[in-house]
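To keep things clear, I will list the structure first and then write my remarks on it.
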Amino acid sequence: MRVLESCLYADDLAAAEAFYSGVLGLTLHSKVSGRHLFYRLSGAMLLIFDPAASARPGDVPSHAGKAGGHVCFTLARGETDAWEARLRAHGLQVTRYAWGDRGESLYFEDPAGNVLELAPPSIWGLES
């Protein structure tokens, strides 16, 4: 079993789209203005919902929630320095944390306050 989709919440979807598409360079799969942004990742989906709009009933079950979630994206060990520089160049505060010989994580926040992490799968003893 593996994670198929993860959800985050953002009150300002335009800011979220600028961040996830521009800063992180993710490719937008689909969106419904004022309700959600869907990003296709390698083997999974990242869903970003406006919490007020997604709480209302519709064609699919509601996805009520609030900002303040966490998602960790994978990166190769050799990409940590480049990603830290890229994030800082966009004005983000980045915390770098070393997991001993397993690798390092970069922690930062999106515009909605969700805590994001970039790390190699080796921090969990997983293959890259």
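The values are calculated or read from the model by the stated rules, or taken from the named source; none is laboratory data. Since we're looking at a predicted model, the values are computed, not measured. No Cβ is skipped: glycine too gets one built from the backbone with ideal geometry, and neighbour counts run over all protein chains shown. We work out accessible area using only protein heavy atoms, side chains counted, and drop any ligands, DNA or RNA first. Shrake-Rupley method; radii C 1.70, N 1.55, O 1.52, S 1.80 Å.
Laid out as a table, the results:
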| item | result |
| --- | --- |
| Vicinal HN-Hα couplings computed from phi for region 105-122 (Karplus, 6.51 cos²θ - 1.76 cosθ + 1.60; Hz; Gly/Pro x) | 10, 10, 10, 7, 10, 7, x, 8, x, 5, 8, 10, 9, 10, 7, x, x, 5 |
| Among 33, 42, 54, residue whose mean-square fluctuation peaks in a GNM of the chain (springs only between Cα atoms under 10 Å) | 42 |
| GNM result for the chain, Cα springs below 10 Å: residue of 82, 16, 55 fluctuating most strongly | 82 |
| Rounded to 5, percent antiparallel among DSSP beta bridges of the chain | 65 |
| Per residue accessible area in Å² of the chain, where ligands, DNA and RNA are left out and the probe is 1.4 Å | 59 |
| Neighbourhood charge, 12 Å Cβ-Cβ cut-off, centred on residue 120 and excluding it, Lys, Arg +1 and Asp, Glu -1 | -3 |
| Electrostatic dipole magnitude of region 36-120 [Cβ: Lys, Arg +1; Asp, Glu -1; Cα centre; debye, to 20] | 100 |
| Accessible surface of residue 90 - all protein chains present, 1.4 Å probe, nearest 10 Å² | 100 |
| Shape of region 4-56, Cα gyration tensor, a/c cut at 1.5 | oblate |
| Accessible-area ranking of 39, 9, largest first, probe 1.4 Å | 9, 39 |
| Net charge over other residues, Cβ less than 12 angstrom from the Cβ of residue 48 (K, R count +1; D, E count -1) | -4 |
| Once the Cα gyration tensor of the chain is diagonalised, semi-axes √(5λ) in Å | 27, 16, 12 |
